[in-house]
Amino acid sequence: TLKKNIRRQNAMKVLRIFFTYLFLVVMALIIVVPFYWMILTSLKTFTGAIKLNPDFYIGLSQMNWVNFKVVLEALNFGLYIRNTVVVALFSTAGTIVTTVLSAYAFARIEFKGRELLFSILIMTMMIPGELFIITNFITVSKNGLGWIGSGNDQYFLAMIIPFITNISFIFFLRQNFKQIPESLYKAARVDG
């Protein structure tokens, strides 16, 4: 019976590993296939891309690499990349600054109404982000701050400023700050 138990345990271990890797392979395919399809479609002709029965594979001779040349030359793709990088860098930097400062304040600085204010911020997490789209647009439009729709070059501000804070990040970082003992902060302050 001991040998049977050992065989059964080994068989269960092999089955567990097999199904784990099977699950991982299926999940990897679910993630990779859309990227493959996107690249494949970008290399097809227009008629090949809109066929009712699309090809899941095309040969090297059928690939239209000129599609990428058209996108890079005919469209102002460099400008799009530059705009994306500028908005991503500044909104990320702004999010880091606002999140770290506010999380530290909520975790370590004693001030009147701190818990009430933090509770209100946590309650705003229950409001779906889609509800803020119209109010954010009205705030930054020509009738609000004038960042869009007035012919000026302040479009970057309209894409960065409304998104430089995130309540979820503040909450998680505050919890992280609260886990560090107060004595460690005091020791660091004494050490300079």
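The values are calculated or read from the model by the stated rules, or taken from the named source; none is laboratory data. Values in this document were obtained by computation on a predicted structure and should not be read as measured data. Note: ideal-geometry Cβ built from the backbone for every residue, glycine included; neighbour counts use all protein chains shown. For the accessible areas, the whole protein counts, side chains as well, though only heavy atoms, and no ligand, DNA or RNA atoms are used. Shrake-Rupley method; radii C 1.70, N 1.55, O 1.52, S 1.80 Å.
What about L116, is it open to solvent by less than 100 Å² (accessible area, probe 1.4 Å) and out of contact with any strand residue (DSSP E or B) (no Cβ under 9 Å at 6 or more places or on another chain)? The answer is no for L116. Counting only residues that are exposed (fewer than 10 other Cβ atoms within 10 Å of the Cβ) and in a helix (DSSP H, G or I), region 169-192 holds 7 of them.
Of the residues making up region 61-118, those that are under 18 Å from I164 (Cα atoms), out of contact with any Phe, Trp or Tyr (no Cβ under 8 Å at 6 or more places or on another chain) and hydroxyl-bearing (S, T, Y) are T84, T92, T98, S102.
Please tell me if N136 is part of a loop (DSSP other than H, G, I, E, B), on the phi < 0 side of the Ramachandran plot and either open to solvent by 70 Å² or more (accessible area, probe 1.4 Å) or at pLDDT below 85 (or both). Spell out how you get there, then give the answer.
Numbers: part of a loop (DSSP other than H, G, I, E, B): no; on the phi < 0 side of the Ramachandran plot: yes; either open to solvent by 70 Å² or more (accessible area, probe 1.4 Å) or at pLDDT below 85 (or both): yes.
When the stated conditions are applied, N136 does not pass them.
Just name the residue that is surrounded by the fewest Cβ atoms within 10 Å (Cβ to Cβ) out of those in region 28-65 that are modelled with pLDDT under 90 and assigned to a helix (DSSP H, G or I). Only one residue fits best here, namely S61. Just one residue in the set V87, V100 is open to solvent by less than 50 Å² (accessible area, probe 1.4 Å) and either over 25 Å from F172 (Cβ atoms) or within 21 Å of the chain's Cα centre (by Cα) (or both); that residue is V87.
In the set V85, V100, V14, V71, which member is over 30 Å from E182 (Cβ atoms), in contact with a helix residue (DSSP H, G or I) (Cβ under 9 Å, 6 or more places away or on another chain) and assigned to a helix (DSSP H, G or I)? Quick ask: steps written out before the conclusion?
Numbers: V85 fails: in contact with a helix residue (DSSP H, G or I) (Cβ under 9 Å, 6 or more places away or on another chain); V100 fails: over 30 Å from E182 (Cβ atoms); V14 fails: in contact with a helix residue (DSSP H, G or I) (Cβ under 9 Å, 6 or more places away or on another chain).
On inspection, the qualifying residue turns out to be V71.
Take the conditions without any contact (Cβ under 8 Å) to a residue 24 or more places away in the chain and either polar (S, T, N, Q) or open to solvent by 70 Å² or more (accessible area, probe 1.4 Å) (or both) and apply them to V14. Does it pass? Yes, satisfied. Filtered by the rule that a residue be in contact (Cβ under 8 Å) with a residue 12 or more places away in the chain and of a type in the set (K, R), region 98-122 gives a lone residue, R108. The numbered conditions (1) open to solvent by 80 Å² or more (accessible area, probe 1.4 Å); (2) within 29 Å of the chain's Cα centre (by Cα) are all true for F19 except (2).
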